[in-house]
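See structure below.
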Amino acid sequence: MFEKVLIANRGEIALRIHRACREMGIHTVAIHSTADADAMHVRLADESVCVGPPASKDSYLNIPAILTAASITGADAIHPGIGFMSENAIFAEMVEEHGFTFIGPTPEHIRIMGDKVTAKQTVKSLGLPTVPGSDGAVATVEEALKNAKEIGYPVLIKAAAGGGGKGMKVARSEADLTEAYQLARGEARAAFGNDEVYMEKYLEKPRHIEVQLLGDMHGNAVHFGERDCSIQRRHQKVIEEAPSPGLNNEEREKIGALAADVIRKIGYRGVGTIEFLYENGKFYFIEMNTRLQIEHTITEMITGIDLVREQIRVASGLPMSYKQKDIVFNGHAIECRINAENPETFTPSPGKIAGYHPPGGLDVRVDSALYDGYKVPSNYDSMIAKLIVHGSNRNECLLRLRRSLEEFVIGGIDTTLPLHRRLIAQPDFINGDYDIHWLEKFLDKK
Ligand code: ADP
């Protein structure tokens, strides 16, 4: 097992990884930008190294600085966390070349799944259903028009290098297509430096269902059930729940086994998630994330399994601690992502926290790096806390979530807490009757 892990991230996820390491007796090294000198992840780690100025590209994305930090502190392994370097195959390769272990999959698997065109072709050949669409990349407007005719409108143009919903445009008719195609390419070029796009049928009422997976270096692969992440704004998840209120047990077991089979066949190691859209009883693969996910917490709540611990174990070469039959599901869990944003306009609201009181009690978990007096910097993602609640069934979970949101106080800045309080009171949400477009429609109504 590793003796010292460098955590190449910040905020709540850096803390989450630190906590797993601590419980495993592993020393931690935090990295930080100058803007994060007072951050909680720096305070709690055993050691910390400043890797650059506030801009992410000069600090949390600064490969030479991160490798130097690992080297001078004598770390054995680097955990990339979520975002930043977590799905960067070149980084994973360089980490290993410099003699550290990358806590994640092989660079090759990151590369295959990071290119969505290759990912789709790969999983299709291994038996997963995919969204009907273009056969690979679409290089010209003429080709896009031809493809759209075959697929049938509405169509979605997506970036091959996609992530965070960027470079994604809907065309409802031939008249929209040229513009949507060019916009998607432009956005993809700006966001990823790669303007390759592909096309899919745009599904009108799907749910976003994803399966949590784990593979090790000994040929084992298991699934931890699904999460429903359909409550989204601009393709970003806002509330997630497990299990999905839209699936029955038979569907659940089938999709879990199918997804675990895919990672077993490719010899995948580490945690990963295969994402699907689900409509009218059918699943369609959309992408695989080759890393931990923000919403891994709800899976932990219904299985009682520490996924970060398992991730670190398998990265060190140990077999996973569980067989599929050991993974049993208990009750229901919901997570609300709380952002430092105006709850009406979604304008970012960085600044000093004046008054912080997280909720507590049975089955309530808050993953956050906030503290009273902390200054939320303007340089990074606006998510500042995750409220995760468990109940023995969905109804109990909803009641507990309501009272936890009532208790939660984050003063001094605007947050999306009031939005969450409103959302969970909506009859559609209470009934579990929503799809990926529900939240945007709800927000448009007012
Ligand atoms: P990204 O990597 O940018 O997050 P994904 O492929 O995971 O891209 O898609 C993000 C979200 O976009 C999905 O959760 C879903 O809401 C929406 N989406 C993706 N593909 C489709 C599709 N074919 N039809 C309708 N919505 C889609």
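The values are calculated or read from the model by the stated rules, or taken from the named source; none is laboratory data. Note that the structure is a prediction, hence the values are computed from the model and not measured. Glycine also receives a Cβ, built like all others from the backbone with ideal geometry; neighbour counts cover every protein chain displayed.
Taking the range 138-163 as the region of interest, how many residues are near the ligand (Cβ under 10 Å from one of its atoms) and out of contact with any strand residue (DSSP E or B) (no Cβ under 7 Å at 6 or more places or on another chain)?
3
Which members of the range 106-130 meet the condition of being out of contact with any Pro (no Cβ under 9 Å at 6 or more places or on another chain) and within 12 Å of the ligand (Cβ to nearest atom)?
114, 115, 116, 117, 119, 120, 130
Applying the selection to the range 262-295, what residues are of a type in the set (Phe, Trp, Tyr) and either over 23 Å from residue 7 (Cβ atoms) or part of a helix (DSSP H, G or I) (or both)? Steps first, please.
First, pick out the residues of the range 262-295 that are of a type in the set (Phe, Trp, Tyr): 268, 276, 278, 283-285.
Passing the criteria: 276, 278, 283, 284, 285.
Look through the range 428-446, keep the residues that are more than 20 Å from the chain's Cα centre (by Cα) and of a type in the set (A, V, I, L, M), and return whichever of them is farthest from the ligand (Cβ to nearest atom).
430
In the range 240-261, how many are part of a helix (DSSP H, G or I) and either of a type in the set (Phe, Trp, Tyr) or within 16 Å of the ligand (Cβ to nearest atom) (or both)? Can you show your working first?
First, the residues of the range 240-261 that are part of a helix (DSSP H, G or I): 249-261.
When the remaining residues are screened for being either of a type in the set (Phe, Trp, Tyr) or within 16 Å of the ligand (Cβ to nearest atom) (or both), the result is 255, 259.
The qualifying residues number 2.
In the range 226-239, is there at least one residue being more than 15 Å from the ligand (Cβ to nearest atom), in contact with a strand residue (DSSP E or B) (Cβ under 9 Å, 6 or more places away or on another chain) and not in a helix (DSSP H, G or I)? Quick ask: steps written out before the conclusion?
Residues of the range 226-239 more than 15 Å from the ligand (Cβ to nearest atom): none.
Scanning the range 226-239, I find no residue that is more than 15 Å from the ligand (Cβ to nearest atom), in contact with a strand residue (DSSP E or B) (Cβ under 9 Å, 6 or more places away or on another chain) and not in a helix (DSSP H, G or I), so the answer is no.
Before we move on, is residue 281 crowded, with 17+ Cβ neighbours inside 10 Å, over 13 Å from residue 123 (Cα atoms) and in the same structural domain as residue 416 (by TED's automatic domain parsing)?
On the way: crowded, with 17+ Cβ neighbours inside 10 Å: no; over 13 Å from residue 123 (Cα atoms): yes; in the same structural domain as residue 416 (by TED's automatic domain parsing): yes.
Considered against the rule, which asks whether it is crowded, with 17+ Cβ neighbours inside 10 Å, over 13 Å from residue 123 (Cα atoms) and in the same structural domain as residue 416 (by TED's automatic domain parsing), residue 281 comes out as no.
Criterion first (of a type in the set (A, V, I, L, M), at pLDDT 95 or above and touching a Phe, Trp or Tyr at 6+ places or on another chain (Cβ under 9 Å)) does residue 75 satisfy it?
Numbers: of a type in the set (A, V, I, L, M): yes; at pLDDT 95 or above: yes; touching a Phe, Trp or Tyr at 6+ places or on another chain (Cβ under 9 Å): yes.
The answer is yes for residue 75.
Yes/no per residue for (1) in the same structural domain as residue 310 (by TED's automatic domain parsing); (2) farther than 21 Å from residue 312 by Cβ; (3) surrounded by fewer than 18 Cβ atoms within 10 Å (Cβ to Cβ):
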residue	(1), (2), (3)
79	no, no, no
96	no, no, yes
101	no, no, no
138	no, yes, no
143	no, yes, yes
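Those residues that are in contact with a Leu (Cβ under 6 Å, 6 or more places away or on another chain) and surrounded by fewer than 19 Cβ atoms within 10 Å (Cβ to Cβ), I need them from the range 159-200; list them, please.
Matches in the range 159-200: 170 only.
Of the residues 266, 255, only one is modelled with pLDDT of 95 or more, of a type in the set (Val, Ile, Thr), crowded, with 18+ Cβ neighbours inside 10 Å and out of contact with any Ser or Thr (no Cβ under 9 Å at 6 or more places or on another chain); which? Working first, answer last.
Numbers: 266 fails: out of contact with any Ser or Thr (no Cβ under 9 Å at 6 or more places or on another chain).
Step by step, each of 266, 255 is checked, and only 255 is modelled with pLDDT of 95 or more, of a type in the set (Val, Ile, Thr), crowded, with 18+ Cβ neighbours inside 10 Å and out of contact with any Ser or Thr (no Cβ under 9 Å at 6 or more places or on another chain).
Part of a strand (DSSP E or B) and hydrophobic (A, V, I, L, M, F, W, C) - does that describe any residue in the range 312-330?
Narrowing the range 312-330 to residues part of a strand (DSSP E or B): none.
Within the range 312-330, none of the residues are part of a strand (DSSP E or B) and hydrophobic (A, V, I, L, M, F, W, C).
For residue 127, are the conditions met, namely being touching a helix residue (DSSP H, G or I) at 6+ places or on another chain (Cβ under 8 Å) and among the small types (Gly, Ala, Ser)? Show your work before the answer.
Working: touching a helix residue (DSSP H, G or I) at 6+ places or on another chain (Cβ under 8 Å): yes; among the small types (Gly, Ala, Ser): yes.
Considered against the rule, which asks whether it is touching a helix residue (DSSP H, G or I) at 6+ places or on another chain (Cβ under 8 Å) and among the small types (Gly, Ala, Ser), residue 127 comes out as yes.
Tell me which residues, restricted to the range 187-204, are among the basic types (Lys, Arg) and within 9 Å of the ligand (Cβ to nearest atom).
The initial filter retains those residues of the range 187-204 that are among the basic types (Lys, Arg), namely 189, 201.
Scanning the range 187-204 gives a single hit, 201.
When both residues are 6+ apart or on different chains and their Cβ atoms are under 8 Å apart, which pairs have a first residue that lies in the range 97-126 and is touching a residue at least 60 places away in the same chain (Cβ under 8 Å), and a second that is among the aromatic types (Phe, Trp, Tyr) and part of a strand (DSSP E or B)?
The qualifying pairs are 116/198; 117/198; 120/198; 120/285; 123/285; 124/285.
Only residues in the range 63-78 that are more than 21 Å from residue 1 (Cα to Cα) count as the first member; pair them with residues that are crowded, with 22+ Cβ neighbours inside 10 Å and polar (S, T, N, Q), Cβ under 8 angstrom, at least 6 apart or cross-chain, and list the lot.
Sorted first by the residue in the range 63-78, then by its partner, the pairs are 65/59.
Would it be correct to say that residue 365 is basic (Lys, Arg) and within 24 Å of residue 299 (Cβ to Cβ)?
On the way: basic (Lys, Arg): yes; within 24 Å of residue 299 (Cβ to Cβ): yes.
It is true that residue 365 is basic (Lys, Arg) and within 24 Å of residue 299 (Cβ to Cβ).
I'd like to know if the range 312-320 contains one or more residues that are modelled with pLDDT of 95 or more and under 26 Å from residue 230 (Cβ atoms). Outline the logic, then answer.
So the first thing to find is which residues in the range 312-320 are modelled with pLDDT of 95 or more, and the list is 312-320.
Narrowing further to those that are under 26 Å from residue 230 (Cβ atoms): none.
No, every residue in the range 312-320 fails to be modelled with pLDDT of 95 or more and under 26 Å from residue 230 (Cβ atoms).
From the list 378, 392, 404, which one is among the polar types (S, T, N, Q) and without any contact (Cβ under 8 Å) to a residue 40 or more places away in the chain? Spell out how you get there, then give the answer.
On the way: 392 fails: without any contact (Cβ under 8 Å) to a residue 40 or more places away in the chain; 404 fails: without any contact (Cβ under 8 Å) to a residue 40 or more places away in the chain.
Matching residue, one of 378, 392, 404: 378.
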